[in-house]
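To start, the structure under review is shown below, and the notes come after it.
The values are calculated or read from the model by the stated rules, or taken from the named source; none is laboratory data. Predicted model, so just to flag it, every value in this text is computed and none were measured. Positions of Cβ are backbone-derived with ideal geometry, glycine not excepted, and every protein chain shown enters the neighbour counts. What goes into the accessible areas is simple: the full protein's heavy atoms, side chains included, and nothing from ligands, DNA or RNA. Shrake-Rupley method; radii C 1.70, N 1.55, O 1.52, S 1.80 Å.
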Amino acid sequence: MAAGVSPAYNRERFEEAHDLVVAAWTREGPFRWEGTHYQHRVVNPWAVPLQKPYPRVWIPGVLSKETIIWAAKQRYPYIALNTSIEATKQIWKLYDQVALETGYTAGPENRGYLQQVHVSDSEAKAEKNARQFLWMQGEFTGLAHPVWSNPAGYFSPEFRRQFVEFAVGRAESPRGRPTFEKQVADGRVIYGTPDTVIPKLRRVLEETRPSIYGLWGNDGSVSPEDAKTCIRLLGQEVMPAMREIGKELGLKDPFELDAPVHLRYSTDLKQMPQAAE
């Protein structure tokens, strides 16, 4: 909206932009790009990636079904952004289904997770600092009227309808405003000392089986000293333990497996049954 472009075409623009970027990485220039939403008379990349055919692409998201389906069709890993354990299982269920329909079997190499994890030298301090993860939930973001902050095209028609119904008071917010305690119970927020955090992370790894795991350690008004303590404990105690748990569970990442960067580079696709003409 800020650029004067109809948001109704967001999905189309995203997918075409992806194709243009990949072309710039892989096609020798100069070439012309005449797309539906982007037109360039000359595309002439001179500094190209060292990675061949091109760098790995990971697709982050929350619960957008369209993005999950698109990522699975590309064979790109999908990175779940701080979703609950149960919601994450539903993401993988949809991804795995689309992967099978596309001709391959998805595994941990296709799964990523970004988790809010604050570690401290005491449980009380860890809880106090972990509550700072909530500062953006309705305090910094989510203040605008849903109709204006989420115009047509920003979400699927189904999800947008839920927002509109919420705006007129006929339904609860589809994003919800779960309490801190609820988010802790759902596995969206993890806090504690290394001894208490590691078992909680084991549960996440066992139940959701991602091989790509990002740790979001600090937010809000956590002091610099506490932030550095969190980073130190994550690096020295928590992450080494997570690597060992990952090995135990067989969670090999795309680099270890040398997984294809895209579906078109796959050599293991299964022939899918064709509908009778």
Filter region 88-115 for residues that are open to solvent by 30 Å² or more (accessible area, probe 1.4 Å), part of a helix (DSSP H, G or I) and not acidic (Asp, Glu) and give the result. Lys89, Gln90, Lys93, Leu94, Gln97, Leu100, Thr102
Between a residue in region 1-25 that is over 16 Å from Trp70 (Cα atoms) and any residue that is at pLDDT below 95 and assigned to a helix (DSSP H, G or I), which pairs come within a Cβ distance under 9 Å, given they are 6 or more apart or on different chains? Met1/Pro7; Met1/Trp148; Val5/Arg13
Thr193 is checked against (1) surrounded by 20 or more Cβ atoms within 10 Å (Cβ to Cβ); (2) farther than 28 Å from Gln97 by Cα and fails just one. What number does that condition carry? (1)
Go through Leu215, Leu251 for me and flag whichever is within 23 Å of Val119 (Cα to Cα) and among the hydrophobic types (A, V, I, L, M, F, W, C). Leu215
Does region 65-76 hold any residues that are open to solvent by 10 Å² or more (accessible area, probe 1.4 Å) and at pLDDT 95 or above, and which are they? Ile69, Trp70, Lys73, Gln74, Arg75
If you scan region 181-208, which residues turn out to be within 17 Å of Ala87 (Cβ to Cβ), modelled with pLDDT of 95 or more and outside any helix (DSSP H, G or I)? Ile190
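Please count how many residues of region 77-87 are in a helix (DSSP H, G or I) and open to solvent by 30 Å² or more (accessible area, probe 1.4 Å). Can you show your working first?
Step one: of region 77-87, the residues in a helix (DSSP H, G or I) are 85-87.
Filter once more, so that each one left must be open to solvent by 30 Å² or more (accessible area, probe 1.4 Å): 86.
Number satisfying all stated conditions: 1.
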Going through (1) within 18 Å of the chain's Cα centre (by Cα); (2) open to solvent by less than 30 Å² (accessible area, probe 1.4 Å) one by one, Asp186 fails only at (2)
Considering only residues that are surrounded by fewer than 12 Cβ atoms within 10 Å (Cβ to Cβ) and over 27 Å from the mean Cα position of the chain (by Cα), which ones fall in region 37-64? Gln39, Arg41, Val42, Asn44, Trp46, Ala47
